[in-house]
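Notes follow once the structure below has been shown.
Coordinate-derived values only; no laboratory data. These numbers come from a predicted model, not from an experiment. With ideal geometry, Cβ positions are generated from the backbone for all residues, glycine too; neighbour counts draw on all protein chains shown.
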């Protein structure tokens, strides 16, 4: 496999775990939270500070009509969320230049031009069940709300920075329902798909 594989995923669908399985099977590097450390280092921030801006869209707190802006106004400063996105974009491209790897999230499927783009999803009940096995004792209603919040955040972030619709099949090469075939089934399907690209 000579191309980068990107994985977009619904929260709780197992996309991260699938990425790890693929990285191990293909013997290529895996990047997800590792991008946070690389971005923090390049931005000169701690990872904790960076997390406030990672995969978040900028929020404008006041209307442009409320005051008059000059070229020296704070309004013209680039929001930290945008700076983080631009830094991550540079890092993603640099990693892709180094050779095949797996990159999870962060709009990598739109940042890179010649990647194989996967989208992993599952029904809400399956995702609640899956997350409940990881967070035993948490109320399923609370887990469901967290899933919906994370999916909304990812959707908004993706659309804001790419102008594309997150989760729309036409934006990906392969979409897989991990609730239907499980992570092992997804892994086998992706490996067969990659063979057909060789």
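By the gyration tensor of its Cα atoms, with a ≥ b ≥ c the square roots of the eigenvalues, what is the shape of the range 84-135: rounded for a/c under 1.5, prolate for a/b over b/c, or oblate? Let's see the in-between values first.
On the way: a/c = 2.85, a/b = 2.33, b/c = 1.22.
Prolate, because a/c is 1.5 or more and a/b exceeds b/c.
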*Would you mind calculating the gained length between residue 148 and residue 93 on full extension (0.36 nm times residue separation, minus the Cα-Cα distance), in nm to one decimal?*
16.8 nm
*the range 18-32 residues near the modelled residue 47 label - backbone nitrogen below 16 Å, point 7 Å along Cα→Cβ*: 30-32
*Calculated FRET value between residue 34 and residue 80, using beta carbons and R₀ = 25 Å, to 0.05*: 0.75
